[in-house]
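One structure is given here, and the rest of the page talks about it.
The values are calculated or read from the model by the stated rules, or taken from the named source; none is laboratory data. Because the structure is predicted, anything quoted here is derived from the model rather than measured. When we count neighbours, we look across all protein chains shown, and the Cβ atoms used for this are built from the backbone with ideal geometry, even at glycine. Calculation scope for accessible area: heavy atoms of the full protein, side chains included, ligands and nucleic acids excluded. Shrake-Rupley method; radii C 1.70, N 1.55, O 1.52, S 1.80 Å.
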Amino acid sequence: MRFTTQIEEFIAHDSLKMSYTKQQLGKEFFIKSHDFLFEQGLSDVDINIQKWDNTKCFFSNSDKSAMPFDIFSASFYMLSRYEEYLPHVKDEFGRFTAEESLAYKSGFLHQPVVDIWAYKFKAALQAQFPSYKFPNKTYRIRPIIDVPSPYKYKLKGLLRTVGGTISDLSKFKLYSLYDRFGVLLRFKNDPHDTFKYILNRQKNTSSKFLFFFLIGQLSTYDKGVSPNKKDFVTLIKHLADYCNVGLKVSYFALEDAKRLKREKEKMEDILNTNLVASRHSHSKLNLPETYRNLIALEVKEDYTMGYINHIGFRAGSCTPFLFYDLDFEVQTPLKITPYQLMDVALLKQWSLLDKKKVLNELIHTIRAVNGEFVPVFHNYTFSEDKQWEGFKELFNLILDSAETT
């Protein structure tokens with residue numbers, strides 16, 4: 001494949017060719033371009049959402065174009081997260097919310113529109129060039145296990161244990177008190193220590209799990225376990241023998257490059273290898289600074305792109321992509337892998353039957369575009385806590401979906 005801006009060279013080429021311009025140059029495959037991709041800097045773009053078969057799109061063009069929309073401009077708008085650079089209302093954690101997004105407001109958050117557009121583009125190309133062979137994609141899953149704290153009671157230190165005990169007494173939580181001391185006296189298993197179950201599931205599936213451990217300092221937003229605790233380090237090393245392990249970046253390291261560097265180096269000391277992947281505490285992103293800090297430290301992959309309370313496609317895709325820095329107008333080496341579902345979003349569905357229905361619909365949607373399903377579960381999701389009842393079954397449903405492709 002070659003690109004050219006020379007009209008003479010383009011016209012002289014007598015094989016497969018496509019133009020992306022304002023006017024068609026001949027009988028080539030032609031997509032009429034919108035002004036958006038040729039603009040400098042950021043501006044409040046006027047977007048008119050229109051229906052397109054079973055989906056929606058924007059940046060419409062003329063009937064002379066092979067496609068009724070400039071999907072290159074529309075895809076770039078979604079994948080670059082252009083709207084997140086513009087002024088918007090943040091939530092209490094300082095996050096861009098689903099409700100602020102174009103996809104939510106326009107009713108297509110539930111669709112991987114960029115992937116759908118890509119398949120429409122492929123179909124149009126195939127119709128014009130029937131002999132051309134396109135590479136095939138297949139549906140796959142990448143389960144994430146997010147670990148803000150490995151245990152509910154263990155390894156919390158004297159002050160936090162005393163504070164928790166006083167809190168249980170003041171609120172008459174006698175069962176929690178019994179639980180806490182049962183764990184501390186070692187005749188009960190910690191409720192959030194579900195790692196044996198998770199590892200057993202890992203050993204019986206072909207999809208490798210990706211764990212993210214929080215090892216940052218204790219703060220208002222992060223209440224994990226100190227990475228100086230030997231048992232915690234042993235746990236991380238043990239899981240790394242069977243699964244992939246990344247860093248759950250602490251809330252305050254998000255905007256503190258020095259703290260982020262310390263956390264990265266500490267995790268690399270534990271794993272005895274270079275850190276590949278990150279995920280941010282509370283799924284908070286500040287574009288572009290968050291990703292620039294990761295790039296500066298040579299982190300290769302990030303898994304923060306998604307919404308905690310809404311199921312759907314934040315970047316309009318279920319295919320990993322490289323982060324494009326809009327301010328510097330450059331494609332970076334950081335691979336963004338969006339997640340489409342966090343366990344807490346399923347709690348909105350009242351019954352297990354409803355949860356299964358929503359989950360099956362999501363699997364069907366992602367499978368239809370041969371995408372990558374990235375669900376985020378937590379270690380405590382697999383506990384015996386009543387609110388998480390049935391979630392093991394939901395997790396198994398996801399794992400089984402990859403085995404029956």
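Before moving on, here are some points about what is shown:
- Residue in region 363-370 that is more than 20 Å from Met78 (Cα to Cα) and hydrophobic (A, V, I, L, M, F, W, C) present: yes
- Of the residues making up region 122-147, those that are touching a helix residue (DSSP H, G or I) at 6+ places or on another chain (Cβ under 7 Å) and surrounded by 17 or more Cβ atoms within 10 Å (Cβ to Cβ) number 6.
- Residues satisfying the stated conditions in region 271-323, i.e. open to solvent by 50 Å² or more (accessible area, probe 1.4 Å) and among the polar types (S, T, N, Q): Asn272, Thr273, Asn274, Asn309
- Only listed residue being assigned to a strand (DSSP E or B) and over 27 Å from the mean Cα position of the chain (by Cα), chosen from Phe10, Phe3, Phe30: Phe30
- Any hit, region 76-85, residues being modelled with pLDDT of 95 or more, touching a Phe, Trp or Tyr at 6+ places or on another chain (Cβ under 6 Å) and among the polar types (S, T, N, Q): yes
- Just so you know, in region 80-105 the residues that are under 15 Å from Leu42 (Cα atoms) and under 19 Å from the mean Cα position of the chain (by Cα) include one that is most open to solvent (accessible area, probe 1.4 Å), and it is Tyr85.
- Listed by position, the helices (runs of 4 or more DSSP H) enclosed by region 39-145 that each have at least 1 residues that are without any contact (Cβ under 8 Å) to a residue 60 or more places away in the chain and in contact with a Leu (Cβ under 6 Å, 6 or more places away or on another chain) are 71-79.
- Some residue of region 209-231 being open to solvent by less than 10 Å² (accessible area, probe 1.4 Å), without any contact (Cβ under 8 Å) to a residue 40 or more places away in the chain and outside any loop (DSSP other than H, G, I, E, B): no
- Qualifying positions in region 259-270 - open to solvent by less than 40 Å² (accessible area, probe 1.4 Å) and in contact (Cβ under 8 Å) with a residue 12 or more places away in the chain: Leu260, Glu263, Lys264, Met267, Ile270
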